[in-house]
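Step one of this worksheet: look at the structure below.
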Amino acid sequence: MENNKRPETMERITNNELAQAFIAEQVEAVRNQVGDKKVLLALSGGVDSSVVAALLIKAIGKQLVCVHVNHGLMRKGESEQVIEVFGKALDANLIYVDATDRFLDKLAGVAEPERKRKIIGEEFIKVFDEESAKLEGISFLAQGTIYPDIIESDGVKAHHNVGGLPEEMEMQLVEPVKLLYKDEVRVVGEALGLPHGMVYRQPFPGPGLGVRCLGAITRDRLHALREADAILREEFDKNGLAEKVWQYFIAVPDFKSVGVRDGKRYEGWPAILRAVNTVDAMTATIEEIPYPILHHITDRITHEVEGINRVVMDITPKPIGTIEWE
Ligand code: XMP
């Protein structure tokens with residue numbers, strides 16, 4: 001593939017000035033490549049696709065059509081933020097597809113992790129295909145490919161590309177950030193005016209909460225997981241941990257234990273809290289969260305989230321525990 005090697009002379013983008021120069025260069029390159037044609041982008045709301053969207057909106061405005069597929073496994077408030085930032089603030093051409101029922105119906109009763117991933121990946125492509133078939137005159141497909149994706153496309157992370165689109169989609173690719181490292185993508189995103197929280201968010205797996213609602217997903221347990229995760233994120237934000245800890249989340253297993261609430265027997269699921277630090281996700285260490293914060297998070301989750309009656313903490317480094325539970 002041509003142009004897939006980062007030139008040795010390319011300076012690392014570390015500040016607004018360098019980011020602006022990169023943006024100006026890419027805006028021109030995209031305009032030259034695309035002309036007056038339309039470009040389609042699957043916008044998950046993750047860092048890479050969001051930065052590509054903002055860059056392309058700047059370059060070609062309404063010639064960009066963004067499709068946001070809500071697979072029902074997003075974190076609390078995520079799809080809403082995509083609509084707010086891209087649909088409203090940036091006035092993008094945004095198609096929002098709420099495919100929650102489709103995904104959850106397909107996943108019903110499926111407990112095996114890799115089958116869950118496969119179903120989510122395949123269904124995503126189907127929904128995206130259906131939406132793009134409704135559109136006319138699309139000549140280009142934009143993707144948030146970044147440099148590590150190119151370097152690592154040797155199969156190691158093959159299972160991670162849930163948003164991967166079928167090769168038979170006969171469209172030319174627009175990949176404006178494909179030579180950038182993640183930290184550079186973030187600097188460029190801020191220079192484009194995206195919210196700080198969107199650009200510096202922690203990694204989130206493509207199959208979303210689907211791999212954290214352990215075993216066969218049910219709507220009530222998924223709801224409990226989403227609420228508990230939102231509390232965890234809120235408390236990490238408040239306590240200055242959100243940007244200190246690389247990845248932190250809740251997983252909810254498919255079993256209950258006995259507890260007491262309001263003087264009565266209360267059976268509920270445990271919320272498993274995991275907070276890890278890593279450089280490349282190949283190995284990970286455990287962040288030592290101060291006990292007062294853990295007590296507060298436990299108190300909030302067990303009182304505010306219907307269905308959860310315990311909070312436990314996973315202090316297993318990787319290896320031997322992977323970061324996600326499935
Ligand atoms: P593991 O669990 O393998 O995770 O230690 C390493 C990093 O990859 C993320 N992860 C995924 N990302 N699709 C993704 O896009 C996936 O299926 C997937 N599984 C794990 C995980 O969150 C961590 O950052």
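General remarks:
- Within segment 115-167, the set of residues being within 16 Å of the ligand (Cβ to nearest atom), among the small types (Gly, Ala, Ser) and either exposed (fewer than 13 other Cβ atoms within 10 Å of the Cβ) or at pLDDT below 90 (or both) comprises Ser153, Gly155, Ala158, Gly163, Gly164.
- Subset of segment 244-291 (residues that are among the hydrophobic types (A, V, I, L, M, F, W, C), within 19 Å of the chain's Cα centre (by Cα), more than 11 Å from the ligand (Cβ to nearest atom) and outside any strand (DSSP E or B)): Val245, Val279
- Whichever residue in segment 292-326 is of a type in the set (D, E, K, R) and within 11 Å of the ligand (Cβ to nearest atom) and, among such residues, is farthest from Gly210 (Cα to Cα): Lys318
- Among the residues of segment 208-243, those identified as within 13 Å of the ligand (Cβ to nearest atom) and either outside any helix (DSSP H, G or I) or closer than 22 Å to Phe86 by Cβ (or both) are Gly208, Leu209, Arg212, Leu214.
- Filtering segment 60-83 to residues that are closer than 23 Å to Val174 by Cα and hydrophobic (A, V, I, L, M, F, W, C) leaves Ile60, Leu64, Val65, Cys66, Val67, Val69, Val82, Ile83.
The values are calculated or read from the model by the stated rules, or taken from the named source; none is laboratory data. Everything quoted here is computed from the prediction, not taken from an experiment. A quick note on method: Cβ atoms are made from the backbone with ideal geometry, for glycine too, and the neighbour counts reach across all protein chains shown.
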